[in-house]
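What follows is calculated from the coordinates using simple rules that are stated; it is not laboratory data. All values reported here derive from a predicted model rather than from experimental measurement. Neighbour counts run over all protein chains shown; Cβ positions are idealised from the backbone, glycine included.
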Amino acid sequence: MNFLCVHCHFHQPPRENPYLGLIPIEDSAFPFENWNERIFRESYLPNLYAHYVRDRKIIKVVNNYERISFNFTYSLLSWLLKEKPWFVERLKEASRNALASGFNHTILPLDPEEDREVQIVWGIRAFEKAFGRKPRGFWLPELAVDRKTLSLLVKHGISYVILAPHQVKKRKSYLRHYLPEGHIDIFVYDGELSHGIAFGELINNIEQLIRNTKDRKGLTLIAVDGETFGHHKKFGEMGLAYLLENHPHITTLERLLDLMHPEDETDIKEFTSWSCAHGVERWRSNCGCSAGGQAHWHQEWRKPLREALEVLRSKVKERLFQTLEKYTKDPKEALFDFVQVIMGASKEEYFEKHLKRDCTQQEKREILKILQAYKYVSFAFSSDGWFFAEISGIEAVKNLLFAKRALDLLGNKELEETFLQILSSAPSNVQVYGNGLGVFQKLVLPQVVFEKDLITSITALELSDLIPQEGFLGKFYYKVEGFEPWKVYLRDEETGEEFEKVEYLRDFNPEKLPQPLFNWLLRGWAITYFEEDVEFERNYEGLFENLLYYAHGRRFDGYDLLKNRVAIYLRTKLYLSTRDLLPLSTIREIFERADTFGTNLRDEEVKFWLERYMEQRILKGMSEEEAKELAMFVKDYNLLAGRFEFMVNLWGLQNWAWENKEKLKAETLKLLDFQVE
């Protein structure tokens, strides 16, 4: 027997601002609002629709998830469930191939035993909610392993894990490890091939990979970050699809668990991981492993950052178990079950199951606040915070913001002073911050959202017709009543806390609005201006045309000003037309007029507008004739784009055609670059 299996580990850290429940604008992800959105479009979605191409013709569209093993961490899956529920429904079709993982990607061997058990139980429960079955396999975050962690996995019904070759003591690909609680099976990935895919050029030499592995005996397992396919390696999902379609022995770990028996027994090398040559030191010391930053930067900040967070975690847990012992029948089970509330289950049903007596609303809020504090201190230990080179990086700052939220929920000022004192001993590589305290003051505290500022934000957004008078915003329910002044009611859906304020919008400063609300307001105001400006300029279209027509080939003072004015007008009109999904004839006319005036509108930003327009048109429903018209427009556009990065990708329309191929004519499929017999 010989088999080839590819495992993809998909993960993003928690990105939401814990004070608001929304992801702030991340400028580095432009033109997308945040990195979750960008990587979804570059990797997660393309692996659902991977194009298998030969001679520039699409042979088929492959759902890679159906033939790989994979796991999604809950910090990513929760965002997908909220923002892309249709994608998760499609993912469920391949859920037989999925593994569970730690809830929010902490380094389990570095967690106290009770906390790592919570991470395991919460991760398993999250898997069960998403995929409707109990998991058999478990992805260890960063593959960090020790015997205690494996014992907990066995205790909770896990049958197998994946490890790197340097983490086991036998050179085999399928091994069994015995523990006092039973045994756990270990699939060992091929280090050379996995490294070649993730960091080398092997993804561009799939034929070579197939030749080298098709006659191997036993199992060959490739394990990489799933984002390799499409995000880290552009078009990598196409290479993966080619491998899945052409390798004669592709299978998944779930199938192998039923087909094969372990080749041998083995012990493990404790406190090792797949991404640190020094074991698990990357997440607690200046071991030399890092990513990003300057060559001379150190990571001396890692140890005090963990020390500060451990002090906080200890105090949160102390209050947590005091509270749970006071109010609940079984504190441990109450903590385990709280993950259902995190994932959207009824708080009242949770209380009904776990409280040992009737409690007041104030007592229930006390319970929820400390449980949420524990959740956020857990988020503060997400591994990404230590992975990179600098404490002022976006991941470490996010961990510190979660810690600040936990501190506020705990309400212990003395503890916060101790926390900051330890943090001040964490040296930053960036002079302007100096140390962890400087990072906290300059980068963390500005992200704290006060209820009074949120009420002001909601009032301004409602007044600008950007949100309704009543609804949900992030983790808050809100209601706006009256007019000048406005009466605003808020309820924190996490803790049950309620707030009311009469808002006058006096001395209103939009810069005090938190992200992404500030950007929403700016965008709303800008669109209002664009609409009014286009409406005003429309009266002068004829004059513009005549002036530019008669000026053709003639230079005069003010000619460039006139031409630029026309270009801005047409570009603004194009933006609004694509945003509002106006008929394609309107958009085509804008380009035709621009070309007549010698104005080129084709650039990278316009490409993004047109691709977004195409995707929204598909979501609204599209006839075959509309699809053909859109395809012909894009092909004409691309002929004049001039540069590859300005060309509009037909990818979304091609995916639509694949899903509707039985209903479409051969000429339509051919127009969309499919190979037609």
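Can you compute the radius of gyration and Dmax for the range 451-513, using only the Cα atoms, both in Å?
Cα-based Rg and Dmax for the range 451-513 come out at 10.8, 31 Å.
Roughly how far apart, in whole Å, are the Cα centres of the range 332-371 and the range 595-674?
51
So if each residue of separation counts as 0.36 nm, and I subtract the Cα-Cα distance between Ala666 and Ser464, what length gain in nm does that give?
Extra length from Ala666 to Ser464 when fully extended: 67.9 nm.
State, to one decimal in nm, how far the label point of His298 lies from the label point of Glu128, with both points 7 Å from Cα in the Cβ direction.
4.7
So, in nm, how far is label Asn564 from label Met343 when the simple model puts each one 7 Å beyond its Cα toward the Cβ?
A separation of 5.7 nm, rounded to one decimal place.
Which entries of Lys82/Lys620; Lys315/Lys375; Lys84/Lys635 have Cα-Cα distances beyond 18 Å here?
Result: Lys82/Lys620; Lys84/Lys635 exceed 18 Å.
In Å, what is the Rg of the alpha-carbon atoms in the chain, and how long is Dmax?
Cα only, the chain: 27.9, 90 Å (Rg, Dmax).
Beyond 19 Å between alpha-carbons counts as too far, so tell me which of Lys155/Lys369; Lys317/Lys353; Lys57/Lys628; Lys303/Lys442; Lys303/Lys398 fall in that bin.
Lys155/Lys369; Lys317/Lys353; Lys303/Lys442
Give me the distance between the Cα centres of the range 89-104 and the range 450-472, rounded to whole Å.
If you average the Cα positions of each part, the centres end up 36 Å apart.
What FRET efficiency comes out for the pair Asp580/Ser275, r = Cβ-Cβ distance, R0 = 35 Å, nearest 0.05?
In this case the efficiency is close to 0.15.
Please report, largest first and rounded to whole Å, the three semi-axes of the ellipsoid equivalent to the range 58-217, where each semi-axis is the square root of five times an eigenvalue of the C-alpha gyration tensor.
The equivalent ellipsoid of the range 58-217 has semi-axes of 27, 23, 14 Å.
Looking at the P(r) of the range 3-131, how many percent of alpha-carbon pairs lie beyond 27 Å?
Counting every Cα pair in the range 3-131, those more than 27 Å apart make up 27 percent.
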